[in-house]
Amino acid sequence: MLVPRLRRYAATVDLTIRLVSKHALARVHRRKFKKIYGKLIDTWDDYEDDEITTTQLPRRCSHIAGLGSD
């Protein structure tokens, strides 16, 4: 039971090392965070335009960042 899990983990580590060495992982992270920051900026714009309240602002931001409950 433990050996198969360790083997899967080892395969994942190997893949991660290869992706990092090819800078592919950095591109994925940049794309992900660019999307998150865009949503946060849009939420802030909604707040400044009085489309959402001061109570809704942190709630929406936590949902975007993946910290809030669904």
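Select one label from (i) 1.41; (ii) 1.58; (iii) 1.69: the one whose number is Cα Rg over 2.2 N^0.38 Å as derived from the coordinates shown.
For Cα Rg over 2.2 N^0.38 Å, the calculated option is (iii).
On C-alpha positions alone, give me the angle between the axis of helix 24-48 and the longest principal axis of the chain, in degrees, nearest 10.
Between helix and principal axis, roughly 10 degrees.
Once amide H atoms are built 1.01 Å from N in the peptide plane, which residues 5 or more positions from ILE52, or in another chain, come under 5 Å H to H?
Hits under the 5 Å cutoff: TYR47.
Once fully extended, how much extra length lies between LEU67 and ARG8, figured as 0.36 nm per residue of separation less the alpha-carbon to alpha-carbon distance?
That pair, LEU67 and ARG8, stretches by 18.4 nm at full extension.
Count the net charge of all other residues whose Cβ sits under 15 Å from the Cβ of THR12, scoring Lys and Arg as +1 and Asp and Glu as -1.
Once positives and negatives cancel, what remains is +3.
List the relative contact order of the chain as a percent without decimals, with contacts defined as Cα pairs under 8 Å and 6+ residues apart.
19 percent
Could you give the nm distance between label points at ASP46 and PHE33, where each point is 7 Å from its Cα heading toward the beta carbon?
Inter-label distance under the simple model: 2.4 nm.
May I ask for the angle, rounded to the nearest 10°, between helix 2-21 and the longest principal axis of the chain, with both axes built from Cα atoms and the value confined to 0 to 90°?
So the inclination is approximately 70 degrees.
Each reported figure results from applying straightforward, stated rules to the coordinates on display, with no laboratory input. The structure displayed is predicted, hence computed values, not measured ones. In this analysis, Cβ positions are derived from the backbone assuming ideal geometry, glycine residues included, and neighbour counts consider all displayed protein chains.
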